[in-house]
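Here the structure comes first, spelled out in structure tokens, and everything after it is commentary.
The values are calculated or read from the model by the stated rules, or taken from the named source; none is laboratory data. Since the structure is predicted, the reported quantities are computational estimates derived from the model, not experimental observations. Every residue, glycine as well, gets a Cβ built from its backbone with ideal geometry; the counts of neighbours run over all protein chains shown. Just the protein is used for accessible areas: all its heavy atoms, side chains included, with ligands, DNA and RNA removed. Shrake-Rupley method; radii C 1.70, N 1.55, O 1.52, S 1.80 Å.
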Amino acid sequence: MTRLGDYRPLGRSGLRVSPLALGAMTFGTGSFCAGDDTARKIFRAYVEGGGNFVDTADNYSAGRSEELVGEFLREVDRDDVVLATKYSGPGFSDGEPRSDPRRRSNGRKNMVASLEASLRRLRVDHVDLYWLHIWDGFTPAEEVMAAFGDLVRAGKIRAVGLSDVPAWYATKAAMLGGPPVTALQLEYSLVERAIEAEYVPLAREFGIAVQPWGALGGGFLSGKYTRDGGGTGRLADGAPYRSLPETRWAVLDTVREVAAEVGATPAQVALHWVTRQAAMPAPLIGARSPEQLAETLGALELVLTDAQLDRLTAASAPELPFPHGILARLNAGLPR
Ligand SMILES: NC(=O)c1ccc[n+]([C@@H]2O[C@H](COP(=O)([O-])OP(=O)(O)OC[C@H]3O[C@@H](n4cnc5c(N)ncnc54)[C@H](OP(=O)(O)O)[C@@H]3O)[C@@H](O)[C@H]2O)c1
């Protein structure tokens, strides 16, 4: 059994973090967000339970998430918290991505201006982990890593991470000789395992932590949605889950079976499986209520047998992209 207070290193950095990080994307004004008071309760429950790793971004609810995190941080010891925020994600307006090319840049100009704005909203003088949120498709890694290095030296950030970047880009960034890439934030769950082919091996090679987001598939793996379109929550708003492929529902069936066997909920089983994967010391969790948070935190207390974990792994096995399918067949059984 693991507890929130079982702090572990994040990649090769000196940061020590809880085994589950609290995502603050639900703090703010979006249709899938908790109200301010509920957000405060979620934050407090996480921190009072021993949690120390909080993740936000400058574009979550157009900055409101950072303002709320800043407010809540003033009610605890800020230095007890490993505070992470991100720059250069797309803005959202009425649910539509807004791609203003003047702001959607990973470049130095935007990075520095975004960090200054984030520090003001968070009401802190530094963040512990600063993420490039989403690759813009054109800024060279050299510029990003050099600018990150300057911010580390200026004392405004302690460590750097890359989120939603191509694997080749992360590899290049890790080899430039600038500040170490401490972590990669990427979507990963029983229904989204694409990163296993390239990102997980690269993370292990370079001592980088992978921090999964979407570990519950946006709520899908909680089991609250049904094939016939039942269920309420974020995914029901746009109803994309009604057209999900049958393979995803089959994964959920196995999650439900294992949950019934151990007397847990599907959300706990799905999240527990993620926490057991190599190189992923601190997956993100997102909650719209303290009840959801309490349930998902229960994933740390679960005990699953190797056979149960293997069943979940087999039921969700992705098709390997070239050349990994060939490599897996040819190299099976060879000593490593
Ligand atoms: N780097 C990136 O590009 C990126 C992208 C997305 C998220 N993130 C980060 O990752 C964090 C979590 O992301 P995520 O929202 O994708 O995670 P997720 O864990 O897959 O989904 C969280 C959502 O699932 C539902 N849920 C949570 N616990 C539940 C429970 N016990 N029972 C039923 N439903 C439950 C809630 O939504 P409903 O109540 O609305 O159903 C909740 O908002 C975010 O806060 C953010 O910090 C990063």
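Structure notes:
- Extension gain, residue 314-residue 36: 0.36 nm per intervening residue step, less the Cα-Cα distance, totals 96.0 nm.
- Distance in nm between pseudo-label sites at residue 16 and residue 143 (7 Å out along the Cβ direction from Cα): 3.9
- For residue 138, solvent-accessible area (1.4 Å; no DNA, RNA or ligand), Å²: 130
- Set of lysines near residue 109 by C-alpha distance (under 26 Å), chain-local residues within fewer than 8 positions excluded: 86, 156, 172
- A dipole drawn for the chain from +1 and -1 charges on Cβ atoms has a positive end, and of 81, 317, 14 the residue lying farthest that way is 14.
- Cα centre as origin, Lys/Arg/Asp/Glu Cβ charges: the chain dipole, Debye: 520
- Using 0.36 nm per residue and subtracting the Cα-Cα separation, the extra length available between residue 3 and residue 289 on full extension is 100.9 nm.
- Computed from backbone phi, the HN-Hα couplings of the range 40-53 come to 4, 5, 4, 4, 5, 4, 5, 5, 5, x, x, x, 10, 10 Hz, rounded to whole numbers (Karplus: 6.51 cos²θ - 1.76 cosθ + 1.60, θ = phi - 60°; Gly and Pro given as x).
- Along its first, second and third principal axes, ordered by size, the chain spans 51, 50, 38 Å in Cα coordinates.
- Expected 222 nm ellipticity per residue - DSSP helices of 4 or more, -39500 (n - 2.57), all of the chain, to 500: -11000 deg cm²/dmol
- To put it simply, the accessible area of the range 180-264 at a 1.4 Å probe is 52 percent carbon and sulfur.
- Given 16 as the ceiling on other Cβ atoms within 10 Å, longest exposed-site-free region of the chain for GluC sites (Glu not before Pro) in DSSP loops: 76-197
- The range 1-28-the range 45-93 distance, computed between alpha-carbon centres (Å): 13
- For the chain: accessible area per residue (Å², 1.4 Å): 46
- Considering only alpha-carbon pairs that sit under 8 angstrom and 6 or more positions apart, the relative contact order computed for the chain is 18 percent.
- Gyration tensor (alpha-carbon) shape descriptor, the range 85-214, a/c threshold 1.5: oblate
- Extension gain, residue 224 to residue 334: 0.36 nm times the residue separation minus the Cα-Cα distance gives 35.3 nm.
- Low-density loop positions, trypsin sites (Lys or Arg not before Pro), the range 98-143 - DSSP coil, at most 11 other Cβ in 10 Å: 102
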